[in-house]
Amino acid sequence: MIEAVEFPHLVQKYQVSGVPKVLINEKVEFIGALPEEAFVAQVMESQKPQKEGN
Amino acid sequence: MPILEDKVKEQVRGDLSKLTEEVKLIFFTQELECQFCQQTHQLLEEVSILSDKVRLIIYNFVLDKDKAKKYDINKIPATVVEGKVDYGIRFYGLPAGYEFPTLVESIIDVSRGTTDLSAQSKKTIVTLSQPIHIQIFTTPS
């Protein structure tokens, strides 16, 4: 958990425009709360190699 | 002036009364505490008083470099919620507002050594082959 008000340099680094913003391995990101299954799916998604050209 | 209202304290005292294993709140701050470090320090003190199973340990981010390195801390205020195991749970900044119940729940989960995730979720997560770093940005309200 990172409290956005206290760490503005991170807010800028990760372009946080709304909360909650979730970043997984700095690869997968989404804003808003997800139901458990969808959250787990995003965690597993972050394991996949980046596609060419990304 | 206390941060937690009396009724919140009683609620938390009740929630934490079920703790079986000890939980450490490991707090990193600095000598001259910034406003948020001071408030976080006070909040953690108030929480730790509510249960004899919750122990507050305070480190100086600058002087206790070995501890900061051990817990991979690079910004403060930082709170580690550790049980028998360090599960990698870190709160950076003051855990106020909506994050306060999250802090209390993490203390309970860490004490239990388990979570309320579904069996399916747990089965899936256990197949992870790479380290996962989850960062969640929040605001107090």
Given (1) part of a loop (DSSP other than H, G, I, E, B); (2) at the interface with chain B (Cβ under 10 Å from one of its Cβ atoms), number of the condition A:Gln15 does not satisfy: (2)
Condition check for A:Glu37: touching a Ser or Thr at 6+ places or on another chain (Cβ under 9 Å) and either at pLDDT 95 or above or not small (Gly, Ala, Ser) (or both): yes
Those strands (runs of 3 or more DSSP E) lying entirely in region B:25-137 with at least 3 residues closer than 23 Å to B:Gly14 by Cα: B:54-60, B:78-82
Region B:101-127, residues that are surrounded by fewer than 15 Cβ atoms within 10 Å (Cβ to Cβ) and farther than 21 Å from B:Arg90 by Cβ: B:Ser118, B:Ala119, B:Gln120, B:Lys122, B:Lys123, B:Val126, B:Thr127
Residues of region B:17-35 classified as modelled with pLDDT of 95 or more and closer than 22 Å to B:Pro140 by Cα, total: 5
Test: residue in region A:38-50 that is in a strand (DSSP E or B), within 26 Å of B:Ser121 (Cβ to Cβ) and either facing chain B (nearest Cβ under 10 Å) or touching an Asp or Glu at 6+ places or on another chain (Cβ under 9 Å) (or both): no
Condition met for B:Lys75 (free of Cβ contacts under 8 Å to residues at least 60 places away in the same chain, buried (at least 17 other Cβ atoms within 10 Å of the Cβ) and within 27 Å of B:Met1 (Cα to Cα)): no
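The values are calculated or read from the model by the stated rules, or taken from the named source; none is laboratory data. Because the structure is predicted, anything quoted here is derived from the model rather than measured. Cβ atoms come from the backbone with ideal geometry, glycine included; neighbour counts cover every protein chain shown.
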